[in-house]
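Rule-based calculations on the coordinates, nothing more; no lab input. Since this is a predicted model, take the numbers as computed values, not measurements. No Cβ is skipped: glycine too gets one built from the backbone with ideal geometry, and neighbour counts run over all protein chains shown.
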Amino acid sequence: MSITCRTLPACVNRLMRINRGVHRVWTYVRSAPGTYVWLAVLFVTTVALHHMSPEFEEEFLRQRSTNIHELSSNPLRVLVSSAMWIDSGHWLPYVVLYSLFHAPAERWLGTARWLAVCAAAHVLATLISEGALLWGIRHGMAPASAVNTLDIGVSYALAGVVGVLVYRIPAPWRYVYGFVVLVVYAVPLVTGRTFTDLGHFTSALIGFGCRLLVGGREKARNPKETAGAPAG
């Protein structure tokens, strides 16, 4: 289709709208650098998983898993490496979840405090859930082979951030949000009673317990703030 005097302004307007949209997205991404760097790492590792054979993938992930065996020999290494992989192999759902929860939390708290919440939830929930599993093994409630259970992923950190965001919401909606979060993580714990269900519920509670990290940032967001402006 040739460009005429009539179509040229329409093309220019369309390009300007596209440019503004790209600018808004880029501004949003820059306002939460930790979130989107993490997502970029997860994209690379997810692509790598899709190029592995099923047998190699299972053993590869097991060596980076925060199971009892690996925690007893390489705790620091597996606590870090386990947060760099997605066991489901599906990356796009995490783009949505990270944009809905991690990015707003990072912009609100700042990268350092946001990262502290993520680390606290990931590490403490892992130790508590794996400790509970170890107790179950010693008391005959779980098989001895459970020391090598595959346990990787970013869901504990996500649950912690979901929990801490309760302080971002003004009352009385804060209490509604907090109740919904508790129900979402408590129901699987009651019905499934797995160590990962315990880990998720614990992570949400840890997020609730990070009020000191919120500092003076409990004030509800002003709707007039620009979407891409980092808080603090």
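Computed 3J(HN,Hα) for the stretch 57-62, one whole-Hz value per residue from the Karplus formula 6.51 cos²θ - 1.76 cosθ + 1.60 where θ = phi - 60°, is 4, 4, 5, 4, 5, 4, glycine and proline marked x. Placing unit charges on the Cβ atoms only, positive for Lys and Arg and negative for Asp and Glu, gives the stretch 30-213 a dipole magnitude near 780 debye about its Cα centre.
In whole percents, the pair-distance distribution calculated for the stretch 30-213 from its alpha-carbon pairs, binned every 5 Å from zero, is 1, 8, 16, 19, 20, 17, 11, 5, 2, 0, 0. For the stretch 31-106 versus the stretch 152-214, the inter-centroid distance based on Cα atoms is 20 Å. Convex hull of alpha carbon positions in the stretch 59-128: directionally averaged projected area 5.3 nm².
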